[in-house]
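A short worksheet on the structure shown next.
Read-outs: derived from the displayed coordinates by stated rules, not from any lab. Since we're looking at a predicted model, the values are computed, not measured. As a convention, Cβ positions derive from the backbone with ideal geometry for all residues, glycine included, and neighbour counts pool all protein chains shown.
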């Protein structure tokens, strides 16, 4: 999958920072964003030098707003099911990683 503007993975010496910075949607998660984040998390898992993953949202007022509601209301039942599956895949992966996963939440 190609890069998505506003989604970045910054690698430091032994940790990585995954940033969702899409102010127009308060960092809401669309299906393509979740799919891309899943790929980035796979990269962190594959890099044995990484000892921690930090997830943060860009901007001062939101971490991640949740699902992109504007996208959800337009989905067919099949697309809705797929949206749930990709979200579940990503969040299950984050929950079961062998390294700590930290949510760095900005003050509202």
- Query: Mind checking the angle between helix 31-46 and the chain's longest principal axis? C-alpha axes, 0 to 90 degrees, to the nearest 10.
  - Reply: 20 degrees
- Message: Rounded to whole Å, give me the distance from the Cα center of region 76-108 to that of region 1-67.
- Response: 11 Å
- Query: By how many degrees, between 0 and 90 and to the nearest 10, does the Cα long axis of helix 77-95 differ from the longest principal axis of the chain?
  - Reply: 20 degrees
- Proxy reagent accessibility, fewest Cβ within 10 Å first, across 45, 64: 45, 64
- Task: Compute the distribution of all C-alpha to C-alpha distances in region 45-98, in bins of 5 Å from 0, and list the percent of pairs in each, rounded to whole numbers.
- Result: 4, 14, 17, 20, 17, 16, 8, 3, 0
- In nanometres, what is the gap between the two model label sites at residue 52 and residue 96, each 7 Å from Cα along Cα-to-Cβ? 2.5 nm
- Gain upon complete extension [residue 85, residue 65; 0.36 nm per residue less C-alpha separation]: 5.3 nm
